[in-house]
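The values are calculated or read from the model by the stated rules, or taken from the named source; none is laboratory data. Predicted model, so just to flag it, every value in this text is computed and none were measured. Cβ placement follows ideal geometry from the backbone for every residue including glycine, while neighbour counts extend to all protein chains displayed. Note: areas computed on protein heavy atoms with side chains; ligands, DNA, RNA excluded. Shrake-Rupley method; radii C 1.70, N 1.55, O 1.52, S 1.80 Å.
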Protein chains: 2
Amino acid sequence: MRHIALLLSFDGTQYHGWQIQSNATTVQGTLCDALVQVAGVTAPPVGCGRTDAGVHAEYYVADFFTESKIPLDRFPVALNTVLPHDIVVHKACEVSDDFHAVHSCIRKEYTYRMYTAKTPNPFLHNRALFYPYPLDLESLCHAAQNMVGTHDFAAMRSLGTPVKSTVRTVYEFDITQNGNEIAFRIAANGFLYNMARTMVGTLLAVAQKKFSPDEIPSILESGDRSRAGATAPACGLYMTHSDYGKELFHA
Amino acid sequence: MRHIALLLSFDGTQYHGWQIQSNATTVQGTLCDALVQVAGVTAPPVGCGRTDAGVHAEYYVADFFTESKIPLDRFPVALNTVLPHDIVVHKACEVSDDFHAVHSCIRKEYTYRMYTAKTPNPFLHNRALFYPYPLDLESLCHAAQNMVGTHDFAAMRSLGTPVKSTVRTVYEFDITQNGNEIAFRIAANGFLYNMARTMVGTLLAVAQKKFSPDEIPSILESGDRSRAGATAPACGLYMTHSDYGKELFHA
């Protein structure tokens, strides 16, 4: 049995998230159908994150087992031929038997995109949050830095599948501006359900003067979800990296 | 009667081009419906170019007459409220009675976008031509420079509405690369039907070694459409400027 990891990207607009559902079109289900057709898989691929409906991915890793003898470098073209245009496989590599797209991951990165001009950009509809209001980047960076480090993020997540611990380590949270586009990049050892979107929503609450950047530590300490900001809309969120401690996909 | 010009942008994917048709959804028809609703117009807006189905615009000017007393700065928000998300009005200004979005224009600019990685980018589907083949930019720039200047472009257009002359002046034709994205920017005093797409298609024929950059002058002189390259697909083309000799829209 071969064990293969794929690097893919997808526009999540038309999907009800990653995870297979019986009555809705999902990225995992669509990729699974393609893998059945191309490589005769008998179990769905494992994905590196349970992205929600409307969330996108630029760099997403999924693994699967197959008896197929297709050469590695043929997988992208074979899968892209049967996949819809909004899911693209870029690379494939062999991984060890014990590789797991979630459990082997040591660091993940999400990027949240906003568009801040006075009028929308038709090319960013469903691709970035349209936010035509003032943003004091200095104050937002200050608030973001107060989320970096090892903290209990119970106050900044939605309730989902039960987890053993709500403590996570945020390695980086940086904000970059390019004209009217602002990108919030968050790297962590893991993310709770809706954690990235709630961290960004909490920065927007700071921008709206609902609380000051200096209140972030006490909000985290409280563990009280109602004290943090709203969950930012899905359309601005992209999975942008999943790190396994070594380069899986070579050029 | 007020005479007003609008600055708009649109994603042309879902439209059968600019010009109103009785049996298809067009940008002009959709904008006209919004102007009837918001400003009670009695004639369709005049647009700065007859963009084809699937062609986009980042900077497009359209003018119309109205008896409405809506303040200028309210037009964008009022129109965007009724327009679909893929057509956005950014600004409005008063223009003189004799202004005409086509006839008053002294210089137009189109930009053609290609994506050249080995696998597609799902976020550029319908937004750029996917072209996963080698491109020798030096040779393409050489070919492009041979199209700059005043020439008869009969060999690089499709037959459309009859025109008095097929002579046009191309002011600039530059090519810029940003990672896997390549942009071809063409500025001219006017464009014949499909001229921008045929100029780009002719560069692709040069890339495919169908002829050398040095043959461009003789292709232009021949006036023979069959000697130039194919018309490049619509999805990569954007109208990016329309110049009236002065700044119409102030910040």
> Here are some conditions: (1) in contact with a strand residue (DSSP E or B) (Cβ under 6 Å, 6 or more places away or on another chain); (2) open to solvent by 20 Å² or more (accessible area, probe 1.4 Å); (3) within 9 Å of B:ALA155 (Cα to Cα). B:LEU220 meets all but one. Which one does it not meet?
Replying inline: (2)
>> I'm told A:LEU203 meets every condition in (1) within 25 Å of A:ASP63 (Cβ to Cβ); (2) surrounded by 19 or more Cβ atoms within 10 Å (Cβ to Cβ) except one. Can you identify the failing condition by its number?
In response: (1)
>> Please count how many residues of the stretch A:6-25 are surrounded by fewer than 24 Cβ atoms within 10 Å (Cβ to Cβ) and aliphatic (A, V, I, L, M).
In response: 3
> All but one of (1) at negative phi; (2) over 23 Å from the mean Cα position of the chain (by Cα) hold for B:THR26; which doesn't?
Replying inline: (2)
> Which residues, counting only those in the stretch A:60-82, are touching a Cys at 6+ places or on another chain (Cβ under 9 Å) and open to solvent by 40 Å² or more (accessible area, probe 1.4 Å)?
Replying inline: A:LEU72
> Among (1) over 30 Å from B:ARG127 (Cβ atoms); (2) out of contact with any His (no Cβ under 8 Å at 6 or more places or on another chain), which single condition is A:VAL89 missing?
Replying inline: (1)
> Limited to the stretch A:155-168, what total is found for residues that are exposed (fewer than 14 other Cβ atoms within 10 Å of the Cβ) and closer than 24 Å to A:GLU58 by Cβ?
Replying inline: 2
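Find the strands (runs of 3 or more DSSP E) located wholly in the stretch B:42-124 whose residues include 1 or more that are within 10 Å of another protein chain (Cβ to nearest Cβ) and of a type in the set (Gly, Ala, Ser), and list them. I'd like the intermediate steps shown before the answer.
On the way: elements: B:56-66, B:87-94, B:107-115.
By residue number, B:56-66.
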> Among the listed residues B:GLU221, B:GLU215, B:GLU172, B:GLU247, which satisfies the condition of being closer than 25 Å to B:HIS100 by Cβ and at pLDDT 95 or above?
Replying inline: B:GLU172
> Among the residues of the stretch B:177-195, which ones are open to solvent by 30 Å² or more (accessible area, probe 1.4 Å) and within 12 Å of the chain's Cα centre (by Cα)?
Replying inline: B:ARG185, B:PHE191, B:TYR193
> What number of residues within the stretch A:150-176 are more than 18 Å from A:TYR193 (Cα to Cα) and either out of contact with any strand residue (DSSP E or B) (no Cβ under 6 Å at 6 or more places or on another chain) or among the hydrophobic types (A, V, I, L, M, F, W, C) (or both)?
Replying inline: 1
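With the condition kept exactly as written, say whether any residue in the stretch B:130-145 is assigned to a strand (DSSP E or B), open to solvent by less than 20 Å² (accessible area, probe 1.4 Å) and not hydroxyl-bearing (Ser, Thr, Tyr). Break it down into steps so the answer makes sense when it comes.
Restricting attention to the stretch B:130-145, the residues satisfying the condition of being assigned to a strand (DSSP E or B) are B:130.
Imposing the further condition that a residue be open to solvent by less than 20 Å² (accessible area, probe 1.4 Å) reduces the set to none.
There is no residue in the stretch B:130-145 that is assigned to a strand (DSSP E or B), open to solvent by less than 20 Å² (accessible area, probe 1.4 Å) and not hydroxyl-bearing (Ser, Thr, Tyr).
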>> Being open to solvent by less than 40 Å² (accessible area, probe 1.4 Å) and modelled with pLDDT of 95 or more is the filter here; which residues of the stretch A:45-58 pass it?
In response: A:PRO45, A:GLY47, A:CYS48, A:GLY54, A:VAL55, A:HIS56, A:ALA57
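A:THR42: surrounded by 15 or more Cβ atoms within 10 Å (Cβ to Cβ) and of a type in the set (S, T, N, Q), yes or no? Walk me through it before giving the result.
Details: surrounded by 15 or more Cβ atoms within 10 Å (Cβ to Cβ): no; of a type in the set (S, T, N, Q): yes.
No, not satisfied.
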>> Any residue at all in the stretch B:221-231 that's of a type in the set (Val, Ile, Thr) and touching a Gly at 6+ places or on another chain (Cβ under 9 Å)?
In response: yes
>> Let me spell it out: the conditions are (1) part of a loop (DSSP other than H, G, I, E, B); (2) within 19 Å of A:ARG227 (Cβ to Cβ), and A:SER165 meets all of them except one. Which number is the exception?
In response: (2)
>> I'd like the full set of residues that are closer than 30 Å to A:SER9 by Cβ and either buried (at least 16 other Cβ atoms within 10 Å of the Cβ) or touching a Ser or Thr at 6+ places or on another chain (Cβ under 8 Å) (or both), limited to the stretch B:96-117.
In response: B:TYR110, B:THR111, B:TYR112, B:ARG113, B:MET114, B:TYR115, B:THR116
